[in-house]
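To start, the structure itself, in structure tokens.
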Amino acid sequence: MNRPRGNQNLYAEVERRVPPDLDSVCIEALDGLTYSWRDLHLGSGCIANWLLSLRLKPGDRVAAQVEKSPECLMLYLATLRAGLAYVPLNTAYQRGELDYFLRDCEPAVVVCAPSRLAEIEPIARAARCAHVVTLGEQRDGTLLEAAATEATACEVIHRAADDLAAILYTSGTTGRSKGAMLSHRNLTSNAVTLDEFWGFKAVRDSGQRDVLLHALPLFHVHGLFVASNAALVAGARMLMLPKFDVAKVIEGLPRCTVMMGVPTFYTRLLAQPESRFGRTQCRSMRLFIAGSAPLLAETHQQFEQRTGHRILERYGMSETLMLVSNPYFEANGGRIAGTVGVALPEVGVRIAGDDGVACPAGAIGAVQVSGPNVFSGYWRMPDKTKEEFTDDGWFKTGDVGHFGGAAPDSYLTLVGRSKDLIISGGYNVYPKEIEGYIDAIAGVVESAVIGVPHTDFGEAVLAVIVCKGGETLEPANVVEALKGQIANYKIPKRAFIIDDLPRNTMGKVQKNVLRDRYKGTFA
Ligand code: MCA
């Protein structure tokens, strides 16, 4: 199945790297069902042929809001094989978000869970989507029924490196989400780089294959474009859990070698007694990776004491995939708690001052990145895209950090976010989006949404609301009004009704004052 180097379709790279024994296990599902590399190839081939039968144009979008399953991964791969663009949507998204996303990306195909067809089909039709099919978690749904009548052999449609492979919606301080356009080069270069940098290649060269414990959602960068792509390009086996479940993770660890997770995964494991989670359960593991949210240095240290493993923290974004990572190999330097490591090979990372000039090590400034991992821009937002890149073509991450300091000069430490971003359990939540929905509630004058410390999720969403005089709006009413409109994880875990929001002399709401006032809410 070796294809000419000319085809830069990510799937062509996956094919080039499949294990020699196609009947070896690629995915082990929780119920014990296993899928071989041949199953993955034939299954995604049928789905790709069904997509091709629709006579779509290269780059047309396939939007998917489906629960995690091996078939969900096949749908993603089939979309790439068919030369189309995959648009994964968080299963928690509600009608308010879905209506926006589908109208924005105008998918040719929408794949949704069978249970949500009645709700989603009208939204898809309103977005001029011609094909709406379903995919369940038990190999059910109309997508597989349609694909079952198709041939399994399917040519990988030729794609150039810069052709669109996926659109990932990432919210923004302006409140409405933006579609980050990721190319085949972005996905492939990052997966191949991580294959080497995180030691998957070294394991293969030793005649072994990794086993990745996959407990992340398949609708975000971390679970799809980092964990799954890395495993596929590494020819590694995946133990696929439907979602993070601490008991199931502990049960699976002794059969695995690598795990990727958000910090909440690690704090929840550490909350277990040592008799349940410790060195014994981690005896076959070679690597634990953390990202999507800051990993507290104390978590890093506790984890090493408990398991003997130094978590490898890395730094990525929807717009850039992985850009910085602590090294896996000692020869590349040690893993330093509290830093996100060094720039990945072929990736440029710099700290820019307010004047836009690159800063020396130790100086704090804006983190900027350049490289084959950086997206091409936001879907149908050329002006917004232009704002987010410097004149010399570096992407402005919106994060603040410095090289060096207590760590070697090549190590990056993130010290904050210049945007008003909340990261809750690894999900990005932008206050402006939530404030927009709260302010639309009858009786609300204005609101301020902030992130405050939360022992489980790291940060939790909290709202401070000013009501019209005489209105008796209760916090519970606010939460109820948001349910069904936006994902539950975005809904404030607590809401407070106050008379006035603190403002500075310029009239700007002082969120720092509110963060300080409510920081103990979830202590
Ligand atoms: C679930 N809930 C949450 C969150 N998750 N609330 C706030 N923040 C969250 N992250 C709420 C649900 O709405 C629900 O409330 C209740 O908690 C229980 O839901 P459940 O699904 O059972 O929650 P969980 O199993 O405890 O999930 C927590 C979790 C999950 C395992 C940490 O959030 C997770 O898998 N996070 C990973 C997210 C991720 O993949 N991030 C990567 C993005 P209710 O009952 O009211 O509904 S990619 C990225 O960030 C960049 C690019 C990168 O570098 O990786």
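The values are calculated or read from the model by the stated rules, or taken from the named source; none is laboratory data. What you see is a predicted model; the values in this text were computed from it and never measured. As a convention, Cβ positions derive from the backbone with ideal geometry for all residues, glycine included, and neighbour counts pool all protein chains shown. The accessibility values were calculated without ligands, DNA or RNA, using every heavy atom of the protein model including side chains. Shrake-Rupley method; radii C 1.70, N 1.55, O 1.52, S 1.80 Å.
For the chain, take every pair of Cα atoms, bin their distances at 10 Å starting from 0, and report each bin as a whole percent.
With a bin width of 10 Å, the distribution comes to 4, 18, 29, 28, 16, 5, 1, 0.
Could you give the alpha-carbon Rg of region 114-210 over 2.2 N^0.38 Å, rounded to two decimals? Each step should come with its number before you reach the end.
Numbers: Rg = 19.1 Å, N = 97, 2.2 N^0.38 = 12.5 Å.
So region 114-210 has a normalised radius of gyration of 1.53.
If Lys and Arg each add +1 and Asp and Glu each add -1, what is the summed charge of the other residues whose beta carbon sits under 12 Å from the beta carbon of GLU446?
Net charge in that neighbourhood comes out at -2.
Roughly how many Å² is the accessible area per residue of the chain, as a whole number, for a 1.4 Å probe?
Counting only protein heavy atoms, the per-residue value for the chain is 39 Å².
Which whole-Hz ³J(HN,Hα) couplings does region 345-354 yield from phi under the Karplus relation 6.51 cos²θ - 1.76 cosθ + 1.60, θ = phi - 60°, glycine and proline marked x?
For region 345-354, the Karplus-derived couplings read x, 6, 9, x, 10, 9, 9, 10, x, 4 Hz, x marking Gly and Pro.
What is region 276-434 by shape, rounded, prolate or oblate, if you read a ≥ b ≥ c off the alpha carbon gyration tensor as root eigenvalues and call it rounded for a/c under 1.5, prolate for a/b larger than b/c, and oblate otherwise?
It comes out prolate by the Cα gyration axes.
For each pair in LYS384/LYS432; LYS68/LYS243; LYS243/LYS493; LYS68/LYS432, compute the distance between the two Cα atoms and list the pairs where it is over 18 Å.
Violating the 18 Å Cα-Cα cut-off are LYS243/LYS493; LYS68/LYS432.
Going by amide H atoms built from the backbone, whose H comes under 5 Å of the H on ARG159, apart from near neighbours?
For ARG159, the qualifying residues are GLN8, ASN9.
With labels modelled as points extended 7 Å from the Cα through the Cβ direction, what inter-label distance (nm, one decimal) is found for LEU54 paired with ALA153?
Placing both labels 7 Å along Cα→Cβ, they lie 2.5 nm apart.
Just read off the accessible area of ARG286 with the full protein assembly in place, 1.4 Å probe, to the nearest 10 Å².
Roll a 1.4 Å probe over it and ARG286 shows about 40 Å².
Compute the orientation-averaged projected area for region 1-82 from the convex hull of its Cα atoms and round it to one decimal in nm².
About 6.0 nm², averaged over all directions.
Quantify, in whole percent, the carbon and sulfur part of the accessible surface of the chain (1.4 Å probe; protein heavy atoms only).
It is 52 percent, rounded to a whole number.
Looking only at the chain, where both bridge partners belong to it, what percent of the DSSP beta bridges are antiparallel (to the nearest 5)?
60 percent
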